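The values are calculated or read from the model by the stated rules, or taken from the named source; none is laboratory data. These figures come from a predicted structure and were not determined experimentally. Every residue, glycine as well, gets a Cβ built from its backbone with ideal geometry; the counts of neighbours run over all protein chains shown.
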Amino acid sequence: MTSSQPVRKSMMEPAKELEHLALAAKISGIQAEIVLPQGQELATSRMRLHYLDWGTAGRRPIVFLHGAALNAHTWDVVCLALRHQYHCRAVDQRGHGESAWAEDGDYSGDAHRGDIEALVDHLGLDQFVLVGHSMGGFNAFNYAFHHSHRLAALVLVDAGPSLLLKGAKRIFDFVSQTAELDSLDEVIQKAMEFNPRRDPRLLRHSLLYNFRQTPSGKWARKTDLRMWQGSKNREQERDRLIERFRDAARISCTTLIVQGGLSDVFTSEDAQKLASDFSNGHYAQVGEAGHTVQVDNPREFAQVLSKFLERISQ
């Protein structure tokens, strides 16, 4: 492990995790058997990936990709709601959560696509559903652009080529300003200011998936913030991605574009326009949800996703 790698902490006590998940499900209005996912790892010559496996082998598989500066646990309540219908797996993408940081600092779209390809091959997936939020949505789209024949469906959550710069900058500023803070209470305060829709009863626990305490006693993000650097490379990546979105019709699988009704990053008009660009595109809005749709309103999001997947299975 190099100095660029995060210091991995032992997982929280299972009893505490169950208690937290039960409260999250109750607050979200989801009635389900409360179980914990199984943490798994895939190690290749280039990357070590951690992912959460929610079980139910034999069901249609769904792979979930989180947004930038988030982690696999952002999908916990959604996976809990869907686990009896589908085999859900949520990935900590490179530089996030419990996955490794890229030693060469490569967080390009191609690097992320390589990680998805390695995971898909490792799990032997075919005709699976790929769901991505924000950055994860761009990575999901990039995978589908090359491998849509392997997908039963693609779902992009508040992600598209026409993001509102003001909302995106607000996220960038929040992540940068919370790179390292003096206490967990300060982290919670900043997180509530950023997204008042979050429940403070859940934040103290859920933030432990995204922050670690350093030897100095401060609290630092588990995210490798080098991915936010190098504006020239980001601009090149963005231009390449926009060009591919112009050719979205080449993606053969059914695609759903989900937009948060209160999002300040992606408008309903842009989401509907994007859905029409796909050869078989659909649009859905989740009310009472900002950019982090799966956290702000996991019950409605799970219902939207379940209804969509039932339709394509008929």
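Are any of the residues in region 108-125 surrounded by fewer than 24 Cβ atoms within 10 Å (Cβ to Cβ), modelled with pLDDT of 95 or more and outside any helix (DSSP H, G or I)?
Yes, that holds for at least one residue.
Which ones in region 145-187 are of a type in the set (Gly, Ala, Ser) and more than 30 Å from residue 124 (Cα to Cα)? Walk me through it before giving the result.
As a first pass, look at region 145-187 and keep what is of a type in the set (Gly, Ala, Ser): 148, 152-153, 159-160, 162, 167-168, 176, 179, 183.
Of everything in region 145-187, those that are of a type in the set (Gly, Ala, Ser) and more than 30 Å from residue 124 (Cα to Cα) turn out to be 162, 167, 168, 176, 179, 183.
State which residue pairs qualify: first residue of a type in the set (Ser, Thr, Tyr) and inside region 92-113, second residue buried (at least 19 other Cβ atoms within 10 Å of the Cβ) and assigned to a loop (DSSP other than H, G, I, E, B) in any location, beta carbons under 7 Å apart, and separation of 6 or more residues or different chains.
Going by the 7 Å Cβ cut-off, the qualifying pairs are 99/93; 107/94; 107/95.
Listed here are the residues, each with its yes/no results for (1) within 16 Å of residue 241 (Cβ to Cβ); (2) out of contact with any strand residue (DSSP E or B) (no Cβ under 7 Å at 6 or more places or on another chain).
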position: 144; (1), (2): yes, no
position: 158; (1), (2): yes, no
position: 165; (1), (2): yes, yes
position: 182; (1), (2): no, yes
position: 189; (1), (2): no, yes
position: 194; (1), (2): no, yes
position: 197; (1), (2): no, yes
position: 204; (1), (2): no, yes
position: 222; (1), (2): no, no
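Just one of 302, 284 is farther than 23 Å from residue 145 by Cα, in contact with a helix residue (DSSP H, G or I) (Cβ under 7 Å, 6 or more places away or on another chain), in contact (Cβ under 8 Å) with a residue 24 or more places away in the chain and among the hydrophobic types (A, V, I, L, M, F, W, C); which is it?
Numbers: 284 fails: farther than 23 Å from residue 145 by Cα.
Result: 302 is the single residue among 302, 284 that is farther than 23 Å from residue 145 by Cα, in contact with a helix residue (DSSP H, G or I) (Cβ under 7 Å, 6 or more places away or on another chain), in contact (Cβ under 8 Å) with a residue 24 or more places away in the chain and among the hydrophobic types (A, V, I, L, M, F, W, C).
Yes or no: residue 144 buried (at least 19 other Cβ atoms within 10 Å of the Cβ), part of a helix (DSSP H, G or I) and either in contact with a helix residue (DSSP H, G or I) (Cβ under 7 Å, 6 or more places away or on another chain) or at pLDDT 95 or above (or both)? Spell out the reasoning first.
Working: buried (at least 19 other Cβ atoms within 10 Å of the Cβ): yes; part of a helix (DSSP H, G or I): yes; either in contact with a helix residue (DSSP H, G or I) (Cβ under 7 Å, 6 or more places away or on another chain) or at pLDDT 95 or above (or both): yes.
It is true that residue 144 is buried (at least 19 other Cβ atoms within 10 Å of the Cβ), part of a helix (DSSP H, G or I) and either in contact with a helix residue (DSSP H, G or I) (Cβ under 7 Å, 6 or more places away or on another chain) or at pLDDT 95 or above (or both).
Can you go through 29, 39 and tell me which one is loosely packed, with under 15 Cβ neighbours inside 10 Å, within 21 Å of residue 132 (Cα to Cα) and not aliphatic (A, V, I, L, M)? First the steps, then the outcome.
On the way: 29 fails: within 21 Å of residue 132 (Cα to Cα).
Exactly one of 29, 39 is loosely packed, with under 15 Cβ neighbours inside 10 Å, within 21 Å of residue 132 (Cα to Cα) and not aliphatic (A, V, I, L, M), namely 39.
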